[in-house]
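Okay, so here's the structure we're looking at.
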Amino acid sequence: GLVSNFTNFAPLGTVLVALLGVSVAEHSGLLSATLRSLVVGAPRQMVTFIIVFAGIISNTASELGYVVIIPLAAMIFHSLGRHPLAGLAAAFAGVSAGYSANLLIGTIDPLLAGITTPAAQMIDPGYEVSPIANHWFMIASTFVVAAMGYFVTEHIVEPRLGKYNPSDAPEKLDAPKIEKPTALEYKGMRNAGLAFLGLCGLLALTVVPEWGILRNQETGLVMGSPFLKGIVAFIFVTFAIPGFVYGKTVGTMKNDRDVIEAMGKSMSSLGIYIVLVFFAAQFVAFFKWTNLGTVLAVNGAAGIQAVGLNGPEIFILFILMCGLVNLSLGSASAQWAVTAPIFVPMLMLVGYSPEVIQAAYRIGDSVTNVISPMMSYFGLILAMAVKYKKDTGMGTMIAMMLPYSMVFMVGWTMLFYLWVFVLGMPVGFGSPTYYPAP
């Protein structure tokens, strides 16, 4: 069953299809230009908040934040006479510690939903977790995490770093002049924005009216509709078409060959991901075949209830555990593939929905990224820091980023508790809080 386990693993196809669309927007230059205009055009007093915010939303295109936003943030702080490592830390916190939050549906959403679904089906064979299962909570998290990143940078990290001494750099660095996007790039962004609005209007016509063709044809509702089931296809379209419009406007894309090349470049960078998915797919399948996941879930749920930890406080321990595991297992998909078959059915038996469990996991998986040497981009960030301060080492970097991790862990967990259990709001569209849903 090795081949069928791999090819039938739901996250593989969904991530590849979503990434095909995102790759057009990325390689045409649309995402880079949009983020640069957001950061460079920020008012001076809002620079820190905007940098963290831009870092968070850059996760729509996985690597863009690391290679564009983080070095750009250091340059902007340097040009303003502030410590460049403070800018680097703020952007790194947004890109990495705020990894799961976003205003848009990105590739991480269908990836995690595809792993959560088979884990939930160990208890309920017909259960489906939508890619937008956590979207409302993640939208709110974007602004809260950005505010926390602003606070930590302004009141903890930058005061600790003190005034920047240019002699700390291995070679002389003049304060850079940050250029805004050109008039042609602004024109491209405007045209891409119009194309995006047009697509949104067209999709709205298929869902908002009662006669919408993408509503559930049996119930007339949006729940269980072709629109929600096909959300990955809409991610593909809403990134690819505006991306091509931008590329056509600025000249980075002229025809279908350029589009195919952009898609090919993104696919060629997925070698490690595909290898991870192969082993994750086998792990999930073996758990299902042996019923080991079910046995662990039932015994674990019984143990939780026996010690009286079946209330909302169980999620505090769960988030802490995910954060600790993330220090040694940096991939979000690999960690969730290992933990979901155990903890999703276990917490479902205690009475919580897979959607809420997944949202809690995303917090723990994100907040410790910035202090994990196992994180794949940690070495790259360290190299960027050495450019401004030659004696920066791994310990220095971890010490600088530790306040972000601690504040994000406490603040984001509090937001989760208030959102779900105090205010009683759903974490996503049609996502129940409890299982079975009341």
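The values are calculated or read from the model by the stated rules, or taken from the named source; none is laboratory data. All values derive from a computational prediction rather than experimental measurement. As a convention, Cβ positions derive from the backbone with ideal geometry for all residues, glycine included, and neighbour counts pool all protein chains shown. To get the accessible areas, we keep the full protein, side chains included, count just its heavy atoms, and leave off ligands, DNA and RNA. Shrake-Rupley method; radii C 1.70, N 1.55, O 1.52, S 1.80 Å.
Here are a few things to note about the model shown:
- Set side by side, the residues V386, V420, V370, V427 differ, and just one is β-branched (V, I, T), surrounded by 19 or more Cβ atoms within 10 Å (Cβ to Cβ) and closer than 20 Å to A93 by Cβ, which is V370.
- Restricting I123, I105 to those that are under 30 Å from N291 (Cβ atoms), open to solvent by 10 Å² or more (accessible area, probe 1.4 Å) and touching a residue at least 60 places away in the same chain (Cβ under 8 Å) reduces the list to I123.
- Within the option set N299, N216, being of a type in the set (S, T, N, Q) and in a helix (DSSP H, G or I) holds for one residue only, N299.
- Helices (runs of 4 or more DSSP H) wholly inside the stretch 20-84 that include at least 2 residues being of a type in the set (F, W, Y) and open to solvent by 20 Å² or more (accessible area, probe 1.4 Å): 47-57
- So V144, is it modelled with pLDDT of 90 or more, under 24 Å from Q335 (Cβ atoms) and surrounded by fewer than 23 Cβ atoms within 10 Å (Cβ to Cβ): yes
- Test result for T182, more than 30 Å from I357 (Cβ to Cβ), out of contact with any strand residue (DSSP E or B) (no Cβ under 8 Å at 6 or more places or on another chain) and hydroxyl-bearing (S, T, Y): yes
- Check on L347, touching a residue at least 12 places away in the same chain (Cβ under 8 Å), open to solvent by 10 Å² or more (accessible area, probe 1.4 Å) and assigned to a helix (DSSP H, G or I): no
- Taking the criterion of being open to solvent by less than 10 Å² (accessible area, probe 1.4 Å) and not aromatic (F, W, Y), the residues of the stretch 325-338 that qualify are N326, Q335, A337.
- Residues that are of a type outside the set (F, W, Y) and within 12 Å of I357 (Cβ to Cβ) within the stretch 415-429 comprise V420, V427, listed in sequence order.
- Residue list for the stretch 219-246, restricted to those being part of a loop (DSSP other than H, G, I, E, B), open to solvent by 20 Å² or more (accessible area, probe 1.4 Å) and touching a helix residue (DSSP H, G or I) at 6+ places or on another chain (Cβ under 9 Å): V222
- Scanning the stretch 252-290 for residues being open to solvent by less than 60 Å² (accessible area, probe 1.4 Å), modelled with pLDDT of 85 or more and outside any helix (DSSP H, G or I) gives a total of 1.
- Per-region count, the stretch 58-93, residues at pLDDT 90 or above and within 10 Å of the chain's Cα centre (by Cα): 0
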